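The values are calculated or read from the model by the stated rules, or taken from the named source; none is laboratory data. Please read these numbers as outputs of a predicted model, since none were measured by experiment. When we count neighbours, we look across all protein chains shown, and the Cβ atoms used for this are built from the backbone with ideal geometry, even at glycine.
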Amino acid sequence: MPTKRLLVALTLACGLVLSTLPPPTFAGSAEYGRTWRKDGVLRAGCHDYRFQYRVRPGKVQPGNDWAAEFFLVDRRGRGVASEIKDSEIDPRRGKGTFGVCRSSTVPGRFKIRGKLSVYDGWWLVDEVWIKPGRFRLGRR
């Protein structure tokens, strides 16, 4: 349903706009999914940095819709960027991008946190944290 997809997207977008804090530091579980990216270089200017993800909503609640929020957190624990994926338009395994500007980001270790939300129609059934991915972005 297009209306449902719009409502989920608006709800998630509002949550990201209103939230300026990085997500809580829960351990996350590989049972529900994971994220990963290779080490790289933090280039001058603003660029998109790709990452990969896999979510397993069936491990949370079989047969339901899902949405996944991914947060890029720097070595200081500050949120740098975010990305949203939804079962209506995105596969359970795929690629995403974070827009990052070097002028406002410190090089070093980064963490990709992921929160998987599972829905039964309009109602939230459960939320779980997936296994985070870690990588480095250094200067040249």
Checklist outcome for this item: Pairs returned, first residue in segment 90-101 that is within 14 Å of Arg50 (Cα to Cα) and in contact (Cβ under 8 Å) with a residue 40 or more places away in the chain, second residue that is of a type in the set (Ser, Thr, Tyr) and surrounded by fewer than 13 Cβ atoms within 10 Å (Cβ to Cβ), beta-carbon separation under 9 angstrom, 6 or more apart or interchain, are none
Checklist entry - Say we look at segment 80-95 and pick out the residues that are under 9 Å from the mean Cα position of the chain (by Cα) and of a type in the set (D, E, K, R); which of these is nearest to Glu127 (Cα to Cα)? => result Lys85
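Which of the residues belonging to segment 54-89 are over 30 Å from Val106 (Cβ atoms) and in a strand (DSSP E or B)? Break it down into steps so the answer makes sense when it comes.
Start the filter on segment 54-89 by keeping residues that are over 30 Å from Val106 (Cβ atoms), which leaves 56-66, 86-89.
Hits for segment 54-89 are Asp65, Trp66, Asp86.
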Checklist entry - Say we look at segment 101-129 and pick out the residues that are β-branched (Val, Ile, Thr) and at pLDDT below 95; which of these is surrounded by the most Cβ atoms within 10 Å (Cβ to Cβ)? => result Val118
Checklist entry - Which residues, taken from segment 121-140, are in contact (Cβ under 8 Å) with a residue 60 or more places away in the chain, under 22 Å from Asp65 (Cβ atoms) and part of a strand (DSSP E or B)? => result Val125, Asp126, Val128, Trp129, Ile130, Lys131
Next on the checklist: Within segment 108-120, does at least one residue satisfy the condition of being out of contact with any strand residue (DSSP E or B) (no Cβ under 7 Å at 6 or more places or on another chain) and part of a strand (DSSP E or B)?
Outcome noted: yes
